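Report on the following structure.
Each reported figure results from applying straightforward, stated rules to the coordinates on display, with no laboratory input. In this text, all values refer to a predicted model and were calculated from it rather than measured experimentally. Here Cβ is always computed from backbone atoms with ideal geometry, including for glycine, and neighbour counts include all displayed protein chains.
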Amino acid sequence: MDTICLKKACDEFDNVFYQNLFGFSFLKNEYSYKLCQNLQSLMGERFLEYNFYIFTSNWGRLPNSIHHETNRKKILLYLGDESGEVPYHLSSYYHMIFKQYLPTDKFAVNNIFNFVLGSLAPEQPYKNMGERKHSVFFSGALTGTRLSLYLYLAFGVIVPDFIRRCFAQLIRFPLLLKLFTLRRFDSKIPNAYIRFTNGFSQGLPREEYSKILADSKIVLCPRGAVQPECFRHGEAMRAGCVMISQRLPLIWFYRD
């Protein structure tokens, strides 16, 4: 079987595996470990009745765990794929499949479920709104999907589409992208912290990021690189911030 035991939990969890985490190495440690801890706490002794396979792929690869023979029920945790594709082709191999970025809760089979992103940043003590230092907070990658926000902050108006398309071509060059992200927009709103970065996790260290977010009243949550959802939604909600976002999918988590 071509799977690897969770590095941080291999002694504690002998029924959890990850594989194909290309470009998603951050999922190996804190995220996966906390996920498994919570599952074990919720499921109790039943936790050992299952094998959990943490899998990511944006390139159409199949999980190697489809070939793994075990007496335990198999559960696939399918993370990181922003295509929105429902994995019907995998449903017969697993007892249950939980996948991120699915646009609906209604599927043609009964063993596929929508899996909410959650958060990557560590949790901080809750602060009352009146005690928070920052009025508005954003720290995240400058991508094509966030370019309209960047240009509005830069020019103070909604720019014509042809200008946005020109900038979309320019930020494809790493040096220009880095140059554009040097500009800070803190002064646009009193007591704000609004800064773009030149890539995922290229800005503040996670501990500092989470402290500033928890010390903010409003968090801007522009869409991710492909889908409307991003980790910032979960982090802002957990900290009790007012969240400004584009329309999110009508799944159980956001609907209720």
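Table for the structure above
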{"read-out": "Given [x] 60, 42, 34; [y] 71, 42, 35; [z] 54, 39, 35, the label whose value is Cα extents along the principal axes in Å derived from this model", "value": "[x]"}
{"read-out": "Relative contact order computed over the stretch 127-192 (Cα-Cα under 8 Å; 6+ residues apart), in percent", "value": "42"}
{"read-out": "Beta bridges per DSSP with both ends in the chain, % antiparallel, nearest 5", "value": "10"}
{"read-out": "Mean Cβ count within 10 Å, highest first, over the residues of peptides 133-145, 69-81, 169-181", "value": "133-145, 69-81, 169-181"}
{"read-out": "Highest average packing first - 231-241, 37-47, Cβ atoms within 10 Å", "value": "231-241, 37-47"}
{"read-out": "Mean Cβ count within 10 Å, highest first, over the residues of peptides 13-19, 245-251, 105-111", "value": "13-19, 245-251, 105-111"}
{"read-out": "In the chain, lysine pairs with alpha-carbon atoms under 18 angstrom apart (chain gap of 8 or more, or interchain)", "value": "14"}
{"read-out": "Over the stretch 119-256, relative contact order from alpha-carbon pairs under 8 Å, at least 6 apart, %", "value": "36"}
